[in-house]
Amino acid sequence: MNVLAIADRRPKIDIAQTVQQNQIELIVTLGDLTREDIFQLGAITHIPKIGVYGNHDSGGYMPEFGIWDMHRKIWEFQGLKFGGFQGCVRYKDNPDAIMYTQQEAVQLMADYPPVDVFISHCPPRGINDEDELAHQGYDGLRMYLDRFQPKAWLHGHTYPTEETVIRQYGSTRIEYVSEYKILTL
């Protein structure tokens, strides 16, 4: 299945044209996007759209664009089970920001069932993350990754370089997305 994933920045593409030219079957948003960043998604109604919110999101744009919020949910499509988790590690006091402490994330993921493809804004701890609190990965996601080894994991939020990006962890393919990426699952 061909997927268009979008994260953290407005994609500098014509989304409808990209969907058509690349035979995209699923659109995935990975957070920290504004309404203006993804406005073009509103015109795309013939394929499913799923996503998670990032820490800079208001938590309200998905319904307007027909995106199904995947936070702690399971969805099956073309024989694959998808799951998701929103936000990032709490690094400041802001009641409007979508953030969790490490312990909250561990608790929220404790009984989450196995999936084939996991989407998150923040990566698992130690996977394309950074030492500073704002860009640390979640311990709860790392525990989940180690336990279930999904086939693929898509995330945004951080800034690994070409030299430091992790693309494979055990049997899990890791897809870091910044702006947009076209991939095949």
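The values are calculated or read from the model by the stated rules, or taken from the named source; none is laboratory data. Fair warning: this is a prediction, and the values are worked out from it, not measured in the lab. In this analysis, Cβ positions are derived from the backbone assuming ideal geometry, glycine residues included, and neighbour counts consider all displayed protein chains. We work out accessible area using only protein heavy atoms, side chains counted, and drop any ligands, DNA or RNA first. Shrake-Rupley method; radii C 1.70, N 1.55, O 1.52, S 1.80 Å.
Observations on the model:
- Note on the chain: Lys pairs 8 or more places apart or on different chains, Cα atoms under 26 Å apart, count 12.
- Those residues of region 1-21 whose amide nitrogen sits under 14 Å from the label point placed on residue 46, 7 Å along Cα→Cβ: 16-21
- Förster radius 22 Å - calculated FRET efficiency between residue 64 and residue 96 (Cβ-Cβ, nearest 0.05): 0.75
- Peptides 82-94, 124-136, ordered by how many other C-beta atoms sit within 10 Å of their residues on average, highest first, read 82-94, 124-136.
- Region 66-133 - percent of accessible surface contributed by carbon and sulfur, probe 1.4 Å: 47 percent
- For region 76-185, the relative contact order works out to 24 percent when only alpha carbon pairs closer than 8 Å and six or more residues apart are counted.
- Estimated from the Cβ-Cβ distance and a Förster radius of 30 angstrom, the FRET efficiency linking residue 10 and residue 146 is about 0.30.
- Over all pairs of different C-alpha atoms in the chain, the reciprocal of the mean inverse distance, the Kirkwood hydrodynamic radius, equals 16.2 Å.
- The chain: angle of helix 139-148 to the longest principal axis, Cα-based, in degrees nearest 10: 70 degrees
- Ratio of the Cα radius of gyration of region 120-162 to 2.2 N^0.38 Å, where N counts its residues: 1.08
- Span from the region 38-94 Cα centroid across to the region 95-164 one, whole angstrom: 15 Å
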